[in-house]
Amino acid sequence: MRRVVITGMGIYSCLGKNLQEVKESLYAGKSGIGIDPERTKYGYRSPLTGILERPQLKGKLDRRLRTGLAEEGEFAYVATEEALRNAAIDMEYLEGNEVGIFYGNDSSAKPVVEAHKTMEEKKDTMLLGSSAIFQSMNSTVTMNLSTIFKLRGVNMTISAACASGSHSIGLGFLFIRNGWQDVVVCGGAQEVNLYSMASFDALSAFSVRTDDPTKASRPFDAHRDGLVPSGGAATLILEEYEHAVRRGAPILAEVVGYGFSSNGGHISQPNNDGSYIAMSRALQDAGVKADEIDYINAHATSTPLGDMYEAMAIHKLFGSETPVSSTKSMTGHECWMAGASEIVYANLMMQHAFIAPNINFEQPDEYSAKLNIVARTKEQPIDMYLSNSFGFGGTNSALVVRKVK
């Protein structure tokens, strides 16, 4: 089987607008969560969210290309530009070689709402503008990025709830390993506008700890009361190892295992069996044992049931020694992007030999007490890690990544 390596990364999140800013936030345990007063006016139960501004693309992209980008597409463009630059891939290479794309995205709410408002007011579809359709489709990110960057390989959007970004990497990994592509752009994007998360708020899924927003996201803590929504985009360039070596690409890490499963149960409530199967399958695919994993980047979103079931599954498979943390304690839940951004976060930790803290972990519950949860930044080499991503409908994904040998 062909080896699959990561040769580029890019990130745009509430922790920073590029890799350097994000690395510094991770190391410092800095939260990117705040309050959006517009959510309260709109009728949200919780105004908490990850805080990030839309990138300024005027002067970087011409108007025709900009008009087709929804908010999450703008985030994805910035992340992908950084990842391609990081991978030493320029437009000449993209135009001369076949490059594919898998990108996770499971909503594009704002363009749909805005189109509906126009129709309610004007009663004329001709006033929607030609860009409305390209912004409102779930595949908005892949259709725009493939056009902007002249991508001519596989082109698919992965809509798998909060595991979308992780599954996109898993599929890119399989396509390259099986010889169907040499280079694939993979990632995940999440819009942060207030229209996008109202239905989550309706489930009472969000934390209402508004006295100190930076303490609201509390994965594994006994007093957690819900997740905090967030977003942005993360891109990784996956490449066949020999192909990367031949073109002199920087090799950042190697993807060695992908595991997946479906709970087959309640549409919104997780269980420990599905996550255990996904993690076990990822280890088996990588050909490694549980005690070879140096760090687990947990899915843990700060919900009572989700964190409990994941803690049970991790303990069953890994015991009590393997270091565990959830970067969602700092970022909130980046939803469709999370499975990709957390690979970027964990790779940054592996590159710089530290484990980012699970901030706000002050008191364990009976399940998290059995895990080795890293509550403060820890200087530690990481040779191989596992990253979990789970989502509504019971979709589960786990990835194993290691330093290149």
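Values quoted throughout were computed directly from the atomic coordinates according to the rules given, and no laboratory measurement underlies them. As the structure is a prediction and not an experimental result, all values here were calculated from the model. Quick reminder, even Gly has a Cβ in these numbers, built from the backbone with ideal geometry, and neighbours come from all protein chains shown.
Take the alpha carbon gyration tensor of region 24-74, find the square roots of its eigenvalues, order them as a ≥ b ≥ c, and report rounded if a/c is under 1.5; if not, report prolate when a/b exceeds b/c, else oblate. The shape class here is oblate.
For the chain, what is the calculated [θ] at 222 nm in deg cm²/dmol (nearest 500), taking -39500 (n - 2.57) for each run of four or more DSSP H residues and dividing by its residue count? Please report the intermediate quantities before stating the final value.
Numbers: 15 runs with 145 residues, N = 405.
Counting only the DSSP helices, I get -10500 deg cm²/dmol.
Cross-link reach is defined here as a Cα-Cα straight distance under 15 Å, omitting same-chain residues fewer than 8 places apart; for Lys123 the aspartates and glutamates meeting it are Glu114. As a rough footprinting exposure proxy, the listed residues Ser13, Ser204 were ranked by other beta carbons within 10 Å of their own, and the order from fewest upward is Ser204, Ser13.
Taken over the alpha carbons of region 4-402 as equal point scatterers, the Debye sum produces base-10 log I(q)/I(0) values at 0.07 Å⁻¹ of -0.28.
Which shape class, rounded, prolate or oblate, goes with region 35-139 when its Cα gyration tensor gives a ≥ b ≥ c as root eigenvalues, a/c under 1.5 marks rounded, and past that a/b bigger than b/c marks prolate?
Oblate, because a/c is 1.5 or more while a/b does not exceed b/c.
Using θ = phi - 60° in the Karplus curve 6.51 cos²θ - 1.76 cosθ + 1.60, the 3J(HN,Hα) couplings for region 205-215 round to 7, 8, 5, 10, 7, 8, 5, 9, x, 5, 9 Hz; x is entered for Gly and Pro. The mean sequence distance of close C-alpha pairs (under 8 Å, at least 6 residues apart), as a share of the length of the chain, puts its relative contact order at 24 percent.
Residue ranges 371-377, 154-160 sort as 154-160, 371-377 when ordered by packing (mean number of other C-beta atoms within 10 Å per residue, highest first). Compactness ratio for region 184-318: Cα radius of gyration over 2.2 N^0.38 Å (N = residue count) comes to 1.27. A Cβ-based charge dipole, computed about the Cα centre of region 4-402 with Lys and Arg at +1 and Asp and Glu at -1, lands at about 580 debye.
Hey, which of these cross-link pairs are over 20 Å Cα-Cα: Lys289/Lys403; Lys17/Lys378; Lys289/Lys328; Lys23/Lys403; Lys23/Lys60?
Lys17/Lys378; Lys289/Lys328; Lys23/Lys60
If the segment from Thr125 to Val113 were pulled out straight at 0.36 nm per residue, it would be longer than the present Cα-Cα gap by 2.9 nm.
A straight chain from Ala369 to Tyr42 at 0.36 nm per residue would run longer than the Cα-Cα distance by 113.8 nm. Among Cys14, Cys335, the order by Cβ neighbours within 10 angstrom, fewest to most, reads Cys14, Cys335. Label sites at Arg376 and Lys405, each approximated as a point 7 angstrom past Cα along Cα to Cβ, lie 3.4 nm apart. Peptides 211-224, 117-130 ranked from most to least packed by the mean count of surrounding Cβ atoms within 10 Å: 211-224, 117-130. If you take the beta carbon distance between Glu321 and Ala353 as r and set R0 to 25 Å, what does 1/(1 + (r/R0)^6) give as a FRET efficiency, to the nearest 0.05? Efficiency, rounded to the nearest 0.05: 0.85.
Under 25 Å of direct C-alpha separation, and excluding same-chain neighbours fewer than eight residues apart, Lys41 reaches these lysines: Lys110, Lys117, Lys215.
Proximity of backbone amide H atoms, modeled 1.01 Å from N, is registered between Gly257 and Val400 at under 5 Å, excluding neighbours fewer than 5 places apart on the same chain.
Segment Met1..Gln284, full-extension length gain: 100.4 nm, with 0.36 nm per residue of separation and the alpha-carbon distance subtracted.
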